[in-house]
There are 2 protein chains.
Amino acid sequence: MAIILASASPRRKAILEMLGTKDLKVMPAKGEEIVPPDAGPAETVESLSRAKALEVAKKCSQSDVIIAADTIVWFGDRLLGKPSDEVEAVNMLRELSGNCHEVYTGITVIKGESVNSEHEVSKVFFRKLTDEEIKGYISTGEPMDKAGAYGVQGIGALFIERIEGDFFNVMGLPVCRLGKMLKKQGVKLL
Amino acid sequence: MAIILASASPRRKAILEMLGTKDLKVMPAKGEEIVPPDAGPAETVESLSRAKALEVAKKCSQSDVIIAADTIVWFGDRLLGKPSDEVEAVNMLRELSGNCHEVYTGITVIKGESVNSEHEVSKVFFRKLTDEEIKGYISTGEPMDKAGAYGVQGIGALFIERIEGDFFNVMGLPVCRLGKMLKKQGVKLL
C-alpha cells in the first residue's frame, strides 16, 4: 500500500512528511476545475478535491490510498483567487486589511471503492495594513502566485493577528481532519 | 545594525528567516530561570524573556536590536514543562486530551536604552486521544524534549483540532506582535 498525494503543492508534501507518512508518492492531478454553478465555498472545495482524487485514482492500485485537496480564500461572499497583476494584489490586500476572511480546504481520501470528501474552514484575522506595508510586501514578490495575495508561511505572517481553526488548513492540508479520515480507511499515522 | 536572536531555538531562527530578516545573528542566552514567586504565566514569560535579552545585550553594540523570547504551556492553573520521563509524558497528554490549554510567549526587544517586553497568548484545542495514540506518539520520541509533551510542528499536529491566536506564537515566536515591536524601534520588516 502506498499513500499517493494527488497534488503538486510542495507545502502539502512537506506537511505529510512532517507527520511521518511512509511510502508517500506524489502524483499531481491536472485538476479540471469544473465547479457546479452557484456552489458555496464548502461544496466548491469538496468537489474540486474529489475530481482530483478520482482522476489520479484511475492510475493507481486498489490498495493505494489517494489524498487530494483544494484550498480557496473566501472573503465576504466571494472567492479570492491568485492576483492577475500587482494592482489586483494591492486591492485584495486592502480588502483583507483589518478584516476576517476564511480559508476552506476540501479533502478527498480514496481507497478502493471508498471515496470520502470533507472540508475544513479556518478564520484568518488580518491587522490593519498601511499602504506602505502593502507596497513593501508586493515588492517581495511573495503575493503574486498566492490565493488572496498572501502567504501564511512567509512574510505574510506579519499581517495575521490570529487565526481560529486548524493552522495547517490555511497552509493547504487540514492535518487533524486528514488523520481522522485516514483512520476510517484503516491507515493509522499513530 | 544587526538583529540578534538571543535564543538557541532553531524554530525561532527559522521564523525570523521566513520573515526575510537580514543581518541576523544568533547569540543564545544562558537564561538564568529566576521567576518571581507566584508569578502568573504572562509575568513569567515576560520576565524570562527580559532576563535573556538583557544578558545578551551586554555583549552587543548600542545599535544592535536584541530579540529574546520565552514560551510556556499553561494548563488550568499551572505550567507544563518538558516531561521528565515517558510516564509523565503519558500523563500530560491524557490531561491535554479533549481539552483547551494556552501557550504564552514573552518577547523582549532591546535597542540601546529601550527595553520593551510584551507577551502573546494562543489557545490550543486538543481532540480526544486514545491511549493507543498516546503510546504510539511517545514511541516516535517527539514529545520527550517538548513543553507539554507535544510538538505543534510535527506529528503532534494530528492532535490539534484548532487554535485561537497566532500560530507562530505556539511555535515560540509571535510574528505579528514582534513585527509591531520592531517597528516601534525603527526596524521595518516591510
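Just checking, how many residues over region B:27-77 are touching a Pro at 6+ places or on another chain (Cβ under 9 Å) and of a type in the set (Gly, Ala, Ser)?
Matching residues across region B:27-77 total 2.
Is it the case that some residue within region B:99-119 is within 13 Å of chain A (Cβ to nearest Cβ) and among the aromatic types (Phe, Trp, Tyr)?
Scanning region B:99-119 turns up no residue that is within 13 Å of chain A (Cβ to nearest Cβ) and among the aromatic types (Phe, Trp, Tyr).
Every residue in region B:9-21 that is without any contact (Cβ under 8 Å) to a residue 40 or more places away in the chain and within 12 Å of chain A (Cβ to nearest Cβ), please.
B:Ala14, B:Glu17, B:Met18, listed by residue number.
In region A:145-175, how many residues are within 14 Å of the chain's Cα centre (by Cα), within 24 Å of B:Glu120 (Cβ to Cβ) and of a type outside the set (Ser, Thr, Tyr)?
13
Quick check: anything in region A:133-144 of a type outside the set (Val, Ile, Thr) and within 14 Å of the chain's Cα centre (by Cα)?
No, the conditions are met nowhere in region A:133-144.
Can you pull out the residues in region A:106-145 that are in contact with a strand residue (DSSP E or B) (Cβ under 6 Å, 6 or more places away or on another chain) and among the β-branched types (Val, Ile, Thr)?
A:Ile107, A:Thr108, A:Val109, A:Ile110, A:Val121, A:Val124
I need a count of the residues in region B:134-172 that are closer than 30 Å to A:Thr140 by Cβ and more than 10 Å from chain A (Cβ to nearest Cβ).
1
Filter region A:174-190 for residues that are more than 9 Å from every other protein chain (Cβ to nearest Cβ), assigned to a loop (DSSP other than H, G, I, E, B) and surrounded by fewer than 22 Cβ atoms within 10 Å (Cβ to Cβ) and give the result.
Residues satisfying the conditions are A:Gln185, A:Gly186, A:Val187.
If only one of A:Thr130, A:Thr108 is buried (at least 17 other Cβ atoms within 10 Å of the Cβ) and polar (S, T, N, Q), which one is it?
Going through A:Thr130, A:Thr108 in turn, the sole match is A:Thr108.
Mind checking which residues of region B:16-34 are part of a loop (DSSP other than H, G, I, E, B) and hydrophobic (A, V, I, L, M, F, W, C)?
Residues satisfying the conditions are B:Leu19, B:Met27, B:Ala29, B:Ile34.
FYI, it's all coordinate maths here, none of it is from the lab. As the structure is a computational prediction, the values presented were derived from the model and not from experiment. Ideal geometry is used to build each Cβ from the backbone, glycine not excepted, and the neighbour counts take in all protein chains shown.
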